[in-house]
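Before anything else, here's the structure in question.
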Amino acid sequence: MAKSQQTFNKSEKEKKRLKKRADKAKKKEERKAEAKEKGEGIPFAYVDEHGQLSDTPPDPSQRIKVDASSIEIGIPKKEDREPAPDPIRKGKVSFFDSSKGFGFVIDAENQEKYFCHVSGLIDEIAENDKVTFELEKGMKGLNAVRVSLIKDS
């Protein structure tokens, strides 16, 4: 005759598992009964004059009248915006290799270095030349384009 596959340890684990399941169902029922007893629904939250949430309703005497026409939705009109900065910038050539066809220009205003390719040149440039240029978005950042020498008078 073969022995039973059910061991004492297995039966104890099964009993614990069933007891745990029963306890969980009992607690769930208790919570449901408690919620019905209290009669609590969704609690209200009010927003005060500072934009903070509170559980007390706002004082009607402190209500502020807002004119709906003064509320702006969307972007401001063109005439309201400040004018764009001058696109032509001044700077100095910090490095330029004519054999490789690229170099760098340092902006006179913010001392930023911008890449400059030979295809973006108007005049031929060399190191330490003072130039004017415009910025254009390139693959790795802003590039100096339309670079021309500043004529000394």
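Where a number appears in this text, it was derived from the coordinates with a stated rule and is not lab data. Owing to the predicted nature of the structure, the values given are computational and were not obtained by experimental measurement. Glycine also receives a Cβ, built like all others from the backbone with ideal geometry; neighbour counts cover every protein chain displayed.
Per-residue ellipticity at 222 nm for the chain, helices alone: DSSP H runs ≥ 4 residues times -39500 (n - 2.57), over residue total, nearest 500 deg cm²/dmol?
Rounded to the nearest 500, it is -7500 deg cm²/dmol.
Quick one: P(r) of segment 9-61 from all Cα-Cα pairs, 10 Å bins, percents rounded to integers, in order of increasing distance.
Per 10 Å bin, starting at 0, the Cα pair percentages come out as 19, 21, 19, 18, 13, 8, 2, 0.
Oh, and also: What is the dipole size for the chain, taken about its Cα centre, with +1 at each Lys and Arg Cβ and -1 at each Asp and Glu Cβ, in debye to the nearest 20?
2480 debye
Cut-off under 28 Å on the C-alpha distance; same-chain residues fewer than 8 positions from Lys27 excluded. Which lysines are left, in chain and number order?
Lys10, Lys13, Lys15, Lys16, Lys19, Lys36, Lys38
Right, another one. Can you tell which of Glu112, Glu37, Glu72 shows the greatest fluctuation in a Gaussian network model of the chain with Cα springs below 10 Å?
Greatest mean-square fluctuation among the candidates belongs to Glu37.
Normalised radius of gyration for the chain, please: alpha carbon Rg relative to 2.2 N^0.38 Å, two decimal places.
2.54
For Glu30 and Asp55, what does the FRET efficiency come to when R0 = 25 Å and r is the distance between their Cβ atoms, rounded to the nearest 0.05?
0.40
Also, quick follow-up: Test of understanding: what is the full-extension gain from Glu14 to Ala108, defined as 0.36 nm times their sequence separation minus their Cα-Cα distance?
Result: 25.8 nm gained on full extension.
Can you give the net charge of the other residues whose Cβ lies under 14 Å from the Cβ of Pro57, counting K and R as +1 and D and E as -1?
Result for the local shell: -3.
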